[in-house]
Every structure is written in C-alpha cells, then in structure tokens.
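For reference, the structure is listed below as structure tokens.
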Amino acid sequence: MLNRRKFLHLSALSFPVFSIKNSLHNDDTQTKPIVVSTWDSGKPVNTEAWKTLAAKGRAVDAVEAGARYMEGTLNCCVGLGGYPDRDGIVTLDACIMDEHANCGSVGAIERIKHPVSVARKIMESTPHVMLVGEGAQKFALENGFELASKDLSADARKEYDQWLIKSNYHPEINIENKKQNGPYAPNFFDDGSPNHDTMGLVALDSSGNMSGAVTTSGMAFKIHGRVGDSPIIGAGLFVDNEVGAATSSGVGEEVMRICGTHVVVEMMRQGYSPEIACRKAIERIIKRDREKAKTLQVGFLALNKKGIYGAYAIQKGFVFSVKSNTEERIIPSKYFFG
Ligand code: SD4
C-alpha cells in the first residue's frame, strides 16, 4: 500500500511531468500546415516543401520535394556533391515515412542523384522498407533513375585530397568550433562554420497528416559501406500520425544506439512537448557516456500533431528552420553542454 510519505514523494517527482503534459494538452492552438527542417540550410528546403503544403498537398509530397531540392544542390554537402568515404566514393543514405507508417529507405547508394525518391519508390512499389548498396542502385536504374558521374565535386575533391595527407579518421560532426575540437574535424568550411551533410525535415499538412524525409552523404571519410542513422526508421526519422514526427542530425552511431527519433516520438506520446521529448532523448545519449558525449554533436528536431515544434542538442550550434502561415525563421536549438 502507498503510505503518505511515499505518496508525497511520488507526487513531488511527478509534478514536472504533470505540468509539462498540461502545458501541451491545454494548448488548443493548431498550426497547419507547417514544415520544420534541420539546420539553416533548411530555409530553402522549407520554401520548396511549402509549395506543396500551401496548395493543400500531402505532407509526404512536400518532404520529398524538400529533400530533392537539397540533393539537387550539387555545390552543397548533401547528395552527390557531398564528401566521399575514405576510399573516395560518395555513398548516400535517405529515407521517407508517411502518415500511414509506410516507409522506404536506401543505404550506401552510389551515383544516384535523388536517393529520397528511390526510397519513396521502394516504399510504394515493393514489399520492403530498405535496400542498400549495389542492390539499391540496381533497383533505381531499373526504375528509371539515371546513373550519375562518379566524379567528386570540386569542394569534396579539395577536402578529400587534404584529408588523404593524414588519413586521420576522427569523426566529430557539427561541433561548432573546429579549433576547440581537435586537429581535424571533417564537415567544416575553412572559416570553421559547420558544413552539414544531412537534411531532415518533417511536415504537417492542411489535412492534419504528418510525414518526414532525410537525405545525407553521411559522415565524411567514413569506412566504405558505413551507414548512419539517417536512413534508419526510428533512428534518423520517425513519424507517428497520431502523435508527431522527429528527425536527427549529428553522429549517427549515437542516435542509432538509442533509436533516437522513436524515443522522441514515444516521449511526445506520453505528453511531453516536442522540446522536452528531444531533450530526454539527448539526455539518454549523454547518460550512456558523458565524457564521450562532450566530444560530439547530436540534435533532435520534433513536430507534434498540433504543429508545435521543438529541438534539443548535445552542444551549442544546432539550428533549425521553420515555415508556416505565421512564421518563417531559423531558430537556435537549446543544448545540454555549454
Ligand atoms: C550520419 N547523421 O551519417 C548523419 C550525419 C549528419 O550533419 O547528421 N551530419 O551519421
């Protein structure tokens, strides 16, 4: 039986949870349509997705269009213009998930410009969720996708040649200040600003349905065949049309170890706001290995069924882009260390 002392203790413990839940449940506002994307580079991605959302289209079409925009920007780090693996080969990961929990995914695909659309084709025309490597490329070619050149972009060639001098594999993704964090951290421009290789976006359409997509060239100079969190459903992306959707960026291995975006969505199901849900997933990563977590970056971004968004990261520097009928802006994420 619960004695009074235990009862008081339990109610004190549950108070913050109760108030967070209430703050979500008492909020009757509904923002739709809305799209949120990782990073400041998400701004034009949102603009592209918005064309579909503003025309009362489906969220799944909007997120595919947003991801395709980024993949098509070949002077950028997402898609075929991205940094190669340590063998000098660009391998791409992508996924998409719709309001019915249909999902499609490609891992380590080579020489295909729009992996997100290959993922969608897998989702819609096969009984499978994920194809990888040569099989994914074969499937893409059989379905009308073109084989692109294997040449690296000028920027990727320059960075790869530079990296080859030491061939020091020291993954530190998206930490804000390169100089603070060791001799060589890939994914930074010369001025030290983060050069993101991943684009994740989630959207709520005017019918109240949610979808998400992620596309990436993955971690720069990775071991050939390495696949990160981005194409893994429940790690880099998760959508539950009853609750909300989440995506991630940062060191994929850490996200995969906790099934990060699935954790975020399940936290939202329990009533937590998107920001607190993201924070809880970040805390789970930090709890596993606090010292290691200090050396790396992971950021989660979430949107709930009411169109309320939130993000949380391990370190300072993660930002996200929002577009709705009432706002269009880039917002710095809250973070744990700093
Ligand atoms: C990965 N999560 O492959 C990706 C990398 C990333 O910005 O997010 N970079 O692990």
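Miscellaneous remarks
- Neighbours by Cβ (under 8 Å, 6+ apart or cross-chain): first from the stretch 258-273, on the phi < 0 side of the Ramachandran plot; second open to solvent by 10 Å² or more (accessible area, probe 1.4 Å) and part of a loop (DSSP other than H, G, I, E, B): V265/V243; M268/V243; R269/E242; R269/V243; S273/I308
- Restricting the stretch 235-254 to residues that are closer than 16 Å to G104 by Cα and within 12 Å of the ligand (Cβ to nearest atom), the residue that is surrounded by the most Cβ atoms within 10 Å (Cβ to Cβ): T247
- Taken over the stretch 275-321, the criterion of being out of contact with any strand residue (DSSP E or B) (no Cβ under 6 Å at 6 or more places or on another chain), of a type in the set (A, V, I, L, M) and not in a helix (DSSP H, G or I) is satisfied by L296, I308.
- Number of the condition not met by E124 [criteria: (1) farther than 19 Å from Y83 by Cα; (2) open to solvent by 70 Å² or more (accessible area, probe 1.4 Å); (3) without any contact (Cβ under 8 Å) to a residue 24 or more places away in the chain; (4) over 23 Å from the mean Cα position of the chain (by Cα)]: (4)
- Every condition in (1) open to solvent by less than 60 Å² (accessible area, probe 1.4 Å); (2) under 26 Å from P84 (Cα atoms); (3) at pLDDT below 95; (4) hydrophobic (A, V, I, L, M, F, W, C) holds for I232 except the one numbered (3).
- For first residues located in the stretch 198-209 and open to solvent by less than 10 Å² (accessible area, probe 1.4 Å), partners that are among the aliphatic types (A, V, I, L, M) and within 13 Å of the ligand (Cβ to nearest atom) and lie 6+ apart or on another chain with Cβ distances below 6 Å form the pairs M199/M70; M199/V78; G200/V214.
- Residue count, the stretch 203-234 (criterion: over 18 Å from N102 (Cβ atoms) and either more than 10 Å from the chain's Cα centre (by Cα) or more than 12 Å from the ligand (Cβ to nearest atom) (or both)): 13
- D155 within 25 Å of V35 (Cα to Cα), within 16 Å of the ligand (Cβ to nearest atom) and either surrounded by 24 or more Cβ atoms within 10 Å (Cβ to Cβ) or among the acidic types (D, E) (or both): no
- Meeting the requirement of 3 or more residues that are at pLDDT below 70, the helices (runs of 4 or more DSSP H) wholly within the stretch 1-75 are 4-25.
- Residue in the stretch 255-266 that is surrounded by fewer than 24 Cβ atoms within 10 Å (Cβ to Cβ), in a loop (DSSP other than H, G, I, E, B) and in contact with a Leu (Cβ under 6 Å, 6 or more places away or on another chain) present: no
The values are calculated or read from the model by the stated rules, or taken from the named source; none is laboratory data. Worth saying up front: this structure is predicted, and the values here are computed from it rather than measured. Glycine also receives a Cβ, built like all others from the backbone with ideal geometry; neighbour counts cover every protein chain displayed. To get the accessible areas, we keep the full protein, side chains included, count just its heavy atoms, and leave off ligands, DNA and RNA. Shrake-Rupley method; radii C 1.70, N 1.55, O 1.52, S 1.80 Å.
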